[in-house]
Amino acid sequence: MPDFYERVYEIVALIPRGRVTTYGAIASALGAARSSRLVGIAMNHSHLTHPHLPAHRVVNRSGLLTGKHHFTSVPMQELLESEGILVIDDCVVDFSEVFWQPQ
DNA sequence: CACTTGACGAGCT
DNA sequence: TAGCTCGCCAAGT
């Protein structure tokens with residue numbers, strides 16, 4: 001069984017283009033439903049260990065771009081909109097429509 | 001080594 | 001409806 005972090009990165013890497021998922025959904029998929037914060041911490045470090053990861057496709061449960069301040073080079077909103085995901089006021093539009101449940 | 005701080009979220013008041 | 005508490009645990013101070 002791989003490290004928790006590795007499994008988080010594994011799932012994030014599976015998120016289809018133009019779709020998003022949540023920290024809690026990832027935690028649940030790993031069997032650690034109450035450890036959603038750990039997913040956030042994992043993502044916080046992902047830019048160092050796994051720079052290629054589509055971290056912009058991970059938002060909080062209400063579709064809010066809580067991690068946007070960690071995207072210094074290219075704005076998170078710009079990355080999402082380039083994939084066809086509308087973002088208004090730091091919030092994903094039609095969040096339930098583009099939500100992707102980790103499998 | 002002890003304490004604080006989070007890319008979170010569910011449940012309670 | 002909105003705010004508060006707690007679980008979770010890696011990292012930083």
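Since every read-out is calculated from the coordinates, none of them should be taken as a lab result. This one's a predicted model, so the numbers in the text were calculated from it and none came from an experiment. Positions of Cβ are backbone-derived with ideal geometry, glycine not excepted, and every protein chain shown enters the neighbour counts.
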For this session: Would you kindly state how much longer the chain becomes between A:E97 and A:E78 on full extension, computed as 0.36 nm times their sequence separation minus their alpha carbon distance, in nm to one decimal?
Result: 4.9 nm
Seminar exercise, completed: With -39,500 (n - 2.57) per DSSP H segment of 4 or more residues and division by the full residue count of chain A, the 222 nm estimate, nearest 500 deg cm²/dmol, is -10500 deg cm²/dmol
Exercise. How much length is gained on full extension from A:D90 to A:L14, taking 0.36 nm per residue of separation minus their Cα-Cα distance?
Worked result: 25.0 nm
Exercise. On a 0 to 90 degree scale, rounded to 10, what angle separates helix A:36-49 from the longest Cα axis of chain A?
Worked result: 80
Problem set entry | Segment A:A32-A:H47, length gained on full extension (0.36 nm per residue, minus Cα span) | 3.2 nm
Exercise. Taking region A:17-100, which trypsin sites (Lys or Arg not before Pro) meet the DSSP loop condition and have no more than 14 other C-beta atoms within 10 Å?
Worked result: A:R17, A:R34, A:R61
Problem set entry | Sorted largest first, extent of chain A alpha carbons per principal axis (Å) | 38, 28, 20
